[in-house]
Amino acid sequence: MNIRCETLSDYTAIAEVNTLAFGQENEAQLVEKIRYSDRYISELSLIAEVENVVVGHILFSYIDLVGEETLQVLGLAPLAVHPQFQRQGIGSALIKAGLEIAEVKKEAIVIVLGHPQFYTRFGFKTAVVYEIESPFPVPEEFFIVKALQSYQKQYKGKVVYPDTFNEV
């Protein structure tokens, strides 16, 4: 398996992986909308390939954390693995690679709405531990945060997703 940044020639395959993984086009549309927004981070849109075929994709993009001041933080969404390649460690490898890049870029935190059993393996904790509030009503164990090395205690407040997320 090879993990690398997406390129223009990967866009169709990324859309297909997201559509197959989620059984709908919403996530593929979200990726496309983020890609053409000011919240896109090219180094944090990663693909996993097996024998030169795209089988997984992860996207970290900027979202806002609004407290005493508004801070840009990373949102992880979506993470998709082709159904035929799920449960083989591809999603985990994509998360690890993305977190490593985020550390190098000196990002402070990553926020995700996801399954705690999966994400806690990578050091994610419920957002309430960090005094970070979800913008929508979800059980608190699913709204989770990973503090990176650049994290400082002023990173607290309410998450505000860009309009791009509302459009899908």
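Laid out as a table, the results:
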{"quantity": "Segment 42-61, residues that are surrounded by fewer than 18 Cβ atoms within 10 Å (Cβ to Cβ), part of a strand (DSSP E or B) and in contact with a strand residue (DSSP E or B) (Cβ under 9 Å, 6 or more places away or on another chain)", "calculated": "SER42, GLU43, GLU49, VAL50"}
{"quantity": "Residues (of a type in the set (Phe, Trp, Tyr) and not in a loop (DSSP other than H, G, I, E, B)) located in segment 137-162", "calculated": "PHE142, PHE143"}
{"quantity": "Residue within segment 73-82 that is buried (at least 18 other Cβ atoms within 10 Å of the Cβ) and farther than 24 Å from GLU140 by Cα present", "calculated": "yes"}
{"quantity": "Filter result (aliphatic (A, V, I, L, M), in contact (Cβ under 8 Å) with a residue 40 or more places away in the chain and in contact with a Pro (Cβ under 8 Å, 6 or more places away or on another chain)) within segment 55-71", "calculated": "ILE58, ILE63"}
{"quantity": "Total residues in segment 115-136, condition touching a Phe, Trp or Tyr at 6+ places or on another chain (Cβ under 6 Å) and assigned to a helix (DSSP H, G or I)", "calculated": "1"}
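Every read-out reported here was derived from the displayed coordinates using simple, explicitly stated rules and does not represent laboratory data. Predicted, not measured: the structure shown is a model, and the values here were computed from it. All Cβ positions, glycine included, derive from the backbone under ideal geometry; neighbour counts span all protein chains shown.
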